[in-house]
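A.B. asks: Next up is a structure, given as structure tokens.
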Amino acid sequence: MSVAAALPGLREQYRQARAAAIDRFRAEQDPDALALALARATDRALRGLWGAARPGAGATLLAVGGYGRGDQFPRSDVDLLVLVAAAPDPAQASRLEAFVGACWDLGLPIGHSVRTVDECLVEAQRDVTVQTALLETRWLAGGRERATRLAARLRERLDVRAFFDAKLFEMRQRHARFDDTPYSLEPNTKESPGGLRDLHVILWIARAAGFGRRWPELRRRGLIAAPEAAQLRRNDRLIRRLRAWLHVISDRREDRLVFDLQASVAAAIGIAHEDRRRASEELMQRYYQAAKAVTQLNTILLQNLRGELFPAPDARPEPIDREFANLQGLLDAVDPGCFERDPSSILRAFLTLEAHPGLTGMTTRTLRALWHARTRIDGAFRRAPENRALFLRILQAPLGVTHALRRMNQWSILGRYLPAFQRIVGRMQHDLFHVYTVDQHILMVVRNLRRFALQRHAHEYPFCSELMSAFPRPWALFAAALFHDIAKGRGGDHSELGRDEARRFCRQHGVGADDTALIAFLVEHHLTMSTVAQKQDLSDPAVVGRFAALVGDAERLDALYLLTVADIRGTSPKVWNAWKAKLLLDLYRLARRRLEGEAPSAEVRLDARRAEAVRLLNLYAVAPERYRHFWSQLDAPYFLRNDPQDIAWHTRVLHPFADTAGPVVRARIAAIGEGFQVVVYQPDQPDLFARICGYFDSKNLSVLDARIHTTEHGYALDTFVLVDPSGAAPYRDILTLVEADLAHRLAAGGELPPPVRGRSSRRSRYFPIEPAVDLAPDESGAQFQLSVVANDRTGLLYAIARVLGRYGVALKTARIATLGERAEDVFLVDGAALRDARVQLRFEADLLEALRG
């Protein structure tokens, strides 16, 4: 029978077998049975095609790579090697081409090569990836003798040491491509650290060394203990099951847990949540915990293989104490059994690492013994006074706190000691601005605080380093950081729940009343300072007064400022910016002066700002008589809401145009060192704010802050702080363009263009924020505070501005807070429409529609 004649029947058999295997997987969720069934179906189809193609006695068909080891997923490639005695003649080449074409016609995504044994050996010497694939060859059809000869010659030439080093180097490169973390937002179940490939590396090295091909063989040889084998098996099956579902649900070769598939995969494995966000978070927590366990065992087993293959020369350990020694820069337990006999030595090991900065880690046997003994950390262990004292000493150590806590988390010690911490290990936060799991974020905040205390990092945040150097008990900040998000994912207010956890910890560990109060305060209010700084009017003395009264004293203010900066910096590299830094520092300084007893009247503050602005203008040789008329049009709120530096700049560039009929636009590099400022001055009009925002959106410029003011003679004096998220051009290159272009756009007038639906990120599309609008009278009752929350996107502010303009709502100030991909904006507004209940309802409904886009 020819290939063409055999193909329809083989295709149908393969389709039915494949469908049956997937249906059985849907019912039983056994990834091993699925892989085996798919490999067998593929084997039958390939043997049928090979027999029909009749490639000749000089050719052998081999499965290689993942297919060679029988590890076939629904959309995996099918890697084949056609082993020939010599280069094929035209007739044989034609038959092989027919075979390959038929494979594709059958629906098999094959990757193939045609080589002699000698060519295979040359390629294996040149490329470790080829060498690895050839280690996993499996005979399918044709002469077996040639396949046996290839395997024998490959083993003769195999340099185990070179192979070991090459696979480790390859693994490090692969990890680097995935940011060296198993906690990516969209991890690759196969290639990411902690993925299936990390397990393959161990088996490849074991196979090359002749130790075995499967985990049971490694266990019998003593390279892996029974509990390790059981945990490997459990986590391997989970990750394989997830990968199989990704292929089945997406119907493509998709090994990444991408946002758009996470909820579907969660439902497939039995995680039932109506809220796709919660379902995704639970799925990802299971995956991250499995990947973390794989990473732990990968480290231990690779060290075991290295020790078995290449025993290190005897070295004399340097005793540290009766339990531990320094063995070539690594902490070595004198007797690894100490962790089982006296579990307190687990904590003493980390304390010893802190006390000896020259130690870079632990020896293999120590690490393995400690990891096995982690289950000895139970309720009795946690209640023991000795262990509580040891843990407190770890937090209070002068050096190594960050490394100690990270190692304790890496090896599942921290979560065993603090059960509340264990609940957030691997928990992802789909809030569109955290890019780390909760446990990684917490340790990042500890790390940021610790960097404030180190002289070599003082150049990064000099003021924070100055405060930290004078803070009497830095460990209290580390404790607050450890608990500030520890109650995430429980429902309720995580700040209050975390405060209760912190109080319980302090009570159990004998922390003094003053330190307990400080830690509890910091945990409860770790979001307060950023909320006040970014969403409230700091020019209002009442705002500063309430914040200062809440804080109470200078030490708490210092601590809260340090924790807030460390926390924001620990959410995502994109969230922290110079504008947020300025707002926090402004609030800190205002509150500090209030706590020190300074409470100047509005008149005193007004006179001080005017005097400082005059001093700055004098530096530019701008005489008072030149701007007296301009200043006569500016009221007290203008001077109170603007810095003297901004007042002086406005005066310098605008006083010649005090009574201009057309728009005046001026721009400069922002004094904060990031972004640029734009001031617009012209006779006021109802839709001016919308027109300005429309221009900024058309240029893909993001507004960080907007201050809207109307002078005594009816002119708009609006100031904006902007950044270009793309960083396409240096700001100095676009200042003149913005000045001319925006002035021309404002002078031209005309209809407002419709808002453009800006592109959102994939993450925000699949885990969108429900838009929210909150409109309430401000503290004085004279105006309204409008708060909006939505997915950030290009055009969002313009869409809001259009609604404000349509209802005749006057904007006084705008605080634009963008947290990653989440917009939380606060506007101070006024207008007759807001005082009519029915109109207000329509206004809020239209605003919600605009936020949804």
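A.B. asks: Around residue 59, which amide H atoms from residues at least 5 apart in sequence, or from another chain, sit under 5 Å from its own amide H, with H modelled in the peptide plane?
C.D. replies: 143
A.B. asks: Cα gyration tensor of region 379-481, axes a ≥ b ≥ c as square roots of the eigenvalues: rounded (a/c below 1.5), prolate (a/b > b/c) or oblate?
C.D. replies: The shape class here is oblate.
A.B. asks: Now for a different question. Using 0.36 nm per residue of separation minus the Cα-Cα distance, give me the extension gain between residue 384 and residue 94 in nm, one decimal.
C.D. replies: On the way: separation 290, 0.36 × 290 = 104.40 nm, distance 7.73 nm.
Residue separation times 0.36 nm, minus the Cα-Cα distance, leaves 96.7 nm.
A.B. asks: Tell me which of 800, 124, 474 sits at the most positive position along the dipole axis of the chain, charges placed on C-beta atoms (Lys, Arg +1; Asp, Glu -1).
C.D. replies: In the chain, that residue is 124.
A.B. asks: Okay, next question. Carbon-plus-sulfur fraction of the accessible area of region 255-297, 1.4 Å probe, in percent?
C.D. replies: Whole-percent figure for carbon plus sulfur exposure: 41.
A.B. asks: Once you list every other residue whose beta carbon is under 14 Å from the beta carbon of residue 227, what net charge do they have if Lys and Arg are +1 and Asp and Glu are -1?
C.D. replies: Taking every other residue near residue 227 into account, the sum is +4.
A.B. asks: Separate question: State the antiparallel share, in %, of DSSP beta bridges confined to the chain, rounding to the nearest 5.
C.D. replies: Details: 62 of 70 bridges.
Within the chain, antiparallel bridges account for around 90 percent of the total.
A.B. asks: While we're looking at this one, here's another question. Working from Cα positions, state the angle (0 to 90°, nearest 10) between the long axis of helix 3-28 and the longest principal axis of the chain.
C.D. replies: Approximately 60 degrees, to the nearest 10.
A.B. asks: Go through 580/699; 488/535; 292/535; 488/582; 292/580 and tell me which ones have a Cα-Cα distance over 30 Å in this structure.
C.D. replies: From 580/699; 488/535; 292/535; 488/582; 292/580, over 30 Å: 292/535; 292/580.
A.B. asks: Next up: Considering only protein heavy atoms, with the full assembly of protein chains and a 1.4 angstrom probe, order 112, 713, 247 by accessible area, largest first.
C.D. replies: 112, 713, 247
A.B. asks: If you count only protein heavy atoms and use a 1.4 Å probe, how large is the accessible surface of residue 362, to the nearest 10 Å²?
C.D. replies: Spelled out: residue 362, probe radius 1.4 Å, area about 20 Å².
A.B. asks: Does region 83-125 come out rounded, prolate or oblate by the C-alpha gyration tensor, with a ≥ b ≥ c the root eigenvalues, rounded set by a/c under 1.5 and, if not, prolate when a/b is larger than b/c and oblate if not?
C.D. replies: Details: a/c = 4.57, a/b = 1.46, b/c = 3.13.
It is oblate, given that a/c is not under 1.5 and a/b is not larger than b/c.
A.B. asks: Counting only protein heavy atoms, what percent of the accessible surface of region 641-737 is carbon or sulfur at a 1.4 Å probe?
C.D. replies: 50
A.B. asks: Continuing with this model, one more query. Go ahead and run the numbers for FRET between residue 741 and residue 312, Cβ-Cβ distance against an R0 of 45 Å, rounding to 0.05.
C.D. replies: 0.10
A.B. asks: Which whole-Hz ³J(HN,Hα) couplings does region 396-403 yield from phi under the Karplus relation 6.51 cos²θ - 1.76 cosθ + 1.60, θ = phi - 60°, glycine and proline marked x?
C.D. replies: Here the 3J(HN,Hα) series is 8, 4, x, 9, x, 5, 4, 4 Hz.
A.B. asks: Quick one: of the DSSP bridges fully inside region 1-160, what percent are antiparallel, nearest 5?
C.D. replies: On the way: 9 of 15 bridges.
Among the beta bridges of region 1-160, antiparallel pairing accounts for roughly 60 percent.
A.B. asks: Taking the chain as the reference, fit the longest principal axis to its C-alpha atoms, fit the long axis of helix 344-355 to the helix C-alpha atoms, and give the angle between the two in degrees, 0 to 90, nearest 10.
C.D. replies: 60
A.B. asks: Still on this structure, please answer the following. Leaving ligands, DNA and RNA out of it, work out the accessible area of residue 327 with a 1.4 Å probe and give it in Å² to the nearest 10.
C.D. replies: Residue 327 has an accessible surface of roughly 40 Å² with all protein chains in place.
A.B. asks: May I pose another question? Not counting ligands, DNA or RNA, and with a 1.4 Å probe, what is residue 731's accessible surface area in Å² rounded to the nearest 10?
C.D. replies: Here the accessible area works out near 50 Å².
A.B. asks: Can you give the helix-only mean residue ellipticity at 222 nm for the chain, where every DSSP H stretch with n ≥ 4 adds -39500 (n - 2.57) and the sum goes over all residues, rounded to the nearest 500 deg cm²/dmol?
C.D. replies: -18000 deg cm²/dmol
A.B. asks: Of 535, 574, which has the most accessible area with a 1.4 Å probe, and how do the rest follow in descending order? Spell out each step's value before the answer.
C.D. replies: Details: 535 55, 574 175 Å².
In descending accessible area the options line up as 574, 535.
A.B. asks: Something else about it: For region 245-371, what is the percent of antiparallel DSSP beta bridges, rounded to the nearest 5?
C.D. replies: For region 245-371, the DSSP antiparallel bridge percentage is about 75.
A.B. asks: While we're here: What list of ³J(HN,Hα) values in whole Hz, one per residue of region 456-465 in order, does the Karplus curve 6.51 cos²θ - 1.76 cosθ + 1.60 (θ = phi - 60°) give from phi, with Gly and Pro shown as x?
C.D. replies: Residue by residue, region 456-465 yields 5, 10, 5, 6, 6, 9, x, 5, 4, 5 Hz.
A.B. asks: Could you state the angle between the C-alpha long axis of helix 688-698 and the longest principal axis of the C-alpha atoms of the chain, as a value from 0 to 90 degrees rounded to the nearest 10?
C.D. replies: Helix 688-698 sits roughly 30 degrees off the main axis of the chain.
A.B. asks: Using a 10 Å cut-off on Cβ atoms, rank the peptides 473-480, 485-492, 745-752 from the highest mean neighbour count down.
C.D. replies: Numbers: 473-480: 23.0, 485-492: 17.2, 745-752: 12.0.
Highest-to-lowest ranking by the protection proxy: 473-480, 485-492, 745-752.
A.B. asks: Checking the a/c ratio against 1.5 first, then a/b against b/c, what shape does the Cα gyration tensor give for region 423-527? Can you show the working numbers first?
C.D. replies: Working: a/c = 2.28, a/b = 1.18, b/c = 1.93.
Because a/c hits 1.5 or more and a/b fails to exceed b/c, region 423-527 counts as oblate.
A.B. asks: I've got another one for you. In what sequence, largest accessible area first, do 156, 496, 460 appear using a 1.4 Å probe?
C.D. replies: Final ranking, largest accessible area leading: 156, 496, 460.
A.B. asks: Another question, then. Carbon and sulfur together cover what percent of the accessible area of region 476-581 at a 1.4 Å probe radius? Working shown, then result.
C.D. replies: Working: 1690 of 3470 Å².
Solvent-exposed carbon and sulfur of region 476-581 make up 49 percent of the total.
A.B. asks: Counting only heavy atoms of the protein chains, get the accessible area per residue of region 317-393 (1.4 Å probe) and round it to a whole Å² value.
C.D. replies: 45
The values are calculated or read from the model by the stated rules, or taken from the named source; none is laboratory data. If you're wondering where the values come from, they're calculated on a predicted model, not measured in any experiment. Methodologically, a virtual Cβ is constructed for each residue, glycine included, from the backbone with ideal geometry; neighbour enumeration extends over all protein chains shown. Protein only, heavy atoms only, side chains kept; ligands, DNA and RNA dropped before computing areas. Shrake-Rupley method; radii C 1.70, N 1.55, O 1.52, S 1.80 Å.
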